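What follows draws every value from the coordinates through simple rules; no lab data is involved. Everything quoted here is computed from the prediction, not taken from an experiment. Don't worry about glycine lacking a Cβ; one is built from the backbone with ideal geometry, like all the others, and counts go over all protein chains shown.
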Amino acid sequence: MSNLQNQNRQFSASESALHPVLVSLLQIRLSNRALRDCLQEALQIILTAPFSELLPSGAIFLADRETRELELLVSENLSEPLHTLCARVPFGHCLCGRAAAERQIIHADCVDERHEILFDGIQPHGHYNVPILSGASVLGVMVLYLPHGHQEDQGEVRFLETAALVLAGIIERKRFEEQQESHYQSLIENLPQRIFYKDPDLRYVSCNRLYARDLEIQPGDISGRTDADFYNPEQAEQFAREDRWVIQSGETIEKDVIRAYRGVESSYHLLKAPLRGPGGLVMGVFGMYWDNSEEKRSQAALKESEEKFSAMANSAQDAIVMVNQDEEVIFWNMASESMFGFQVEDIVGQRLDDWIEPGESRDEFARLVAGLTQARGEKMAGRTVELTALRRGVEPFPIELSISSLQIKGQWHAIGIIRDITERRKAEQQRQLMEVQLRQAQKLESIGQLAAGISHEINTPSQFVGDNIQFLKEAVEDLQRLRSDYRDLVDAVESGGDPAPLLRQVREREEAIDLEFLNEEVPRAIEQSLEGIGRIGKIVRAMKEFSHPGEVNKVMTDINRAIRTTMEVSRNEWKYVAQVELDLEEGLPQVAVVPDMINQVFLNLIVNAAHAIADSQQAGGSKPGTIHISTRQREGMLEVRVSDTGTGVPEEIKGRIFDPFFTTKEVGKGTGQGLCIAYTTVVERHAGQLAVEDSPEGGALFVLTLPLQPDEPG
């Protein structure tokens with residue numbers, strides 16, 4: 001509350017009218033309703049805030065942390081198409097997604113280019129898009145509609161920041177209550193006692209099936225009713241006096257009573273205790289009673305339940321282990337004996353971490369158990385980790401440990417379900433190998449499709465290198481004959497003979513072989529041959545780099561180099577139809593990617609661009625097209641843009657262009673997998689984004705973004 005109070009003090013006197021709104025929001029946190037109902041009321045209250053021009057329309061989204069999407073939960077006066085279009089909004093998409101990704105309020109005074117979700121007939125309006133934050137976590141986003149042209153107001157922003165804090169408290173509290181209620185309900189349904197609890201107004205909130213059976217109702221029918229609905233006035237008043245005393249005193253009532261219900265008297269043991277919430281506030285009455293006459297039968301039923309649990313635990317294929325607050329093993333099923341190689345009598349009373357491999361695995365295990373066997377243990381329930389255990393204390397093997405906590409007699413115990421994942425690890429390694437082989441096959445398939453062009457690219461320089469070498473061979477032979485004539489002339493001069501005939505022979509030989517021509521052409525032929533050999537080497541290196549089996553996991557990669565390599569391999573696909581313009585930012589940081597996958601993405605985009613330009617030229621275009629590729633670093637992301645002057649992507653198919661097997665190409669020219677693979681590679685494997693837009697030059701523009709610092713390596 002201190003954070004809220006500090007922010008409230010920042011409001012000016014002119015904003016004091018907003019205080020009742022905040023008070024109403026704070027009261028929702030204490031209401032006994034579902035999260036959806038609480039957020040619906042909160043949205044209605046916020047929409048009544050005294051903004052001069054606030055429209056009565058808005059919505060609240062909740063964040064799905066695993067998929068990084070926003071899910072529409074509640075709304076007020078939202079246009080009908082938006083219930084479908086905005087059902088799930090990815091982080092970073094449209095204004096709500098941007099507010100979640102950027103973790104700050106986004107204001108818009110009109111429907112601008114950031115509104116990526118549009119529909120026919122949308123009315124002009126503005127927005128406040130407010131992220132709902134809890135520490136480092138994004139819980140959701142609230143969107144409020146504004147009249148077109150409404151400018152951002154700092155008083156409104158401060159209020160919305162405060163309202164978002166209250167909403168975060170509501171969400172966290174209700175989620176905690178729902179989780180606790182689920183655990184509580186599961187627990188009480190398996191106990192032999194009659195159990196119920198009431199709110200501060202002494203109205204029933206819930207009960208278990210046994211208590212409901214006594215009242216001859218269903219458990220869900222008791223909510224909101226009072227004892228007066230089930231008992232005679234005298235009994236109802238007695239129960240009310242007991243409940244009020246428990247709430248006011250904070251004490252517990254425990255006693256034996258004789259209760260008469262529907263003419264039948266029975267002896268019961270009754271317990272009523274205060275139900276406390278956060279901060280120790282009494283939020284109602286917890287009640288439990290049981291028939292003393294059935295105690296033995298209940299004990300027998302409990303024993304049977306324990307035996308069933310023991311039988312079930314011992315028939316389980318997974319190891320089930322429990323350790324106490326001293327971190328000593330107190331339960332060890334038969335699967336544990338087989339897995340670890342120790343009988344129950346050898347392990348009970350021992351520390352389980354002695355059978356976890358020393359080092360990182362043992363340290364992690366110790367942290368988990370220590371946390372779960374202390375008072376904060378309930379906050380760590382549900383953890384699943386992979387560790388390395390020791391079979392018979394010496395042989396390491398991989399395990400998956402699902403660990404949670406249970407409080408028994410005031411002490412926290414850790415319960416672990418342990419699975420030997422040796423075979424799963426082997427299967428995963430095999431899957432990774434198959435993935436590498438499949439990816440390699442896909443690359444080789446791409447190389448095969450480009451083989452004719454690559455062969456031509458190599459053949460052309462090979463041919464003129466061969467021609468030049470043949471020319472040099474003939475030139476050397478001519479020069480050798482000329483050298484022989486020079487030698488004869490020198491010998492004649494040195495011996496005092498007549499040099500005139502030999503001099504004429506030298507002149508004739510020089511004229512015959514065109515010595516001046518050789519002086520000019522031989523160096524040029526050598527230079528051309530070296531260029532041709534260099535061209536062949538460049539193509540071979542590019543092919544080797546593109547087609548070589550690469551890393552399974554992500555490695556730091558130079559994206560500019562990857563683009564140049566892919567261009568070299570695909571040159572024959574585009575050089576006859578287009579010019580490629582590169583605008584690659586120098587000094588870009590390397591990015592953690594799987595190089596094979598990213599090379600395949602670039603190849604698909606470049607080849608698609610070349611095909612689109614070729615289709616455009618067949619449709620009547622005459623000028624060579626242009627493929628423009630640029631790279632930039634933008635706000636923690638690396639952006640690659642690939643645009644072309646081809647046929648473009650019609651608006652009606654933009655939403656399907658990344659679907660599997662969707663293609664507009666004729667039969668035999670495309671399977672519809674290229675862009676789907678590219679999208680899956682970028683979005684799912686690399687946590688990036690891939691989108692298609694209209695290019696200013698008239699074709700298509702594909703925008704690919706990759707995080708410079710990914711959340712998870714590999």
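Listed values, structure above:
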item	result
Which listed pairs, of LYS198/LYS272; LYS575/LYS623; LYS174/LYS198; LYS174/LYS409, have C-alpha distances above 20 Å, in listed order	LYS174/LYS409
The stretch 107-164 - charge dipole about Cα centre, Lys and Arg +1 at Cβ, Asp and Glu -1, debye rounded to 20	220 debye
Relative contact order [Cα under 8 Å, 6+ residues apart], the stretch 2-178, whole percent	24 percent
Spin-label pair GLN104/ILE217, simplified geometry with 7 Å Cα→Cβ offset, distance in nm	5.3 nm
Reachable aspartates and glutamates from LYS473, criterion Cα separation under 14 angstrom, eight or more residues apart if same chain	GLU521
Linear extension gain, LYS308 paired with LEU582, 0.36 nm per residue minus alpha-carbon span	91.5 nm
Potential lengthening between LEU85 and ILE526 on full extension [0.36 nm per residue; Cα-Cα distance subtracted]	152.2 nm
Estimated FRET transfer efficiency when R0 is 56 angstrom, pair HIS19-ARG68 (beta carbons, to 0.05)	0.95
Mean shadow area of the stretch 92-132 over all directions, Cα convex hull, nm²	2.7 nm²
R0 of 45 Å, Cβ-Cβ distance VAL490-ARG685: FRET efficiency to nearest 0.05	0.05
Trypsin sites (Lys or Arg not before Pro) restricted to DSSP loop in the stretch 91-182 with at most 15 other C-beta within 10 Å	ARG103, ARG114
Sites ASN32 and ASN232 - FRET efficiency at Förster radius 25 Å, r taken between beta-carbons, to 0.05	0.35
Vicinal HN-Hα couplings computed from phi for the stretch 122-134 (Karplus, 6.51 cos²θ - 1.76 cosθ + 1.60; Hz; Gly/Pro x)	5, 8, x, 6, x, 9, 10, 10, 10, x, 9, 10, 9
Pair ARG481, LEU191: separation of 7 Å Cα→Cβ label points (nm)	11.5 nm
Inter-label distance for TRP245 and ALA427, nm, one decimal - labels placed 7 Å from Cα along Cα-to-Cβ	6.1 nm
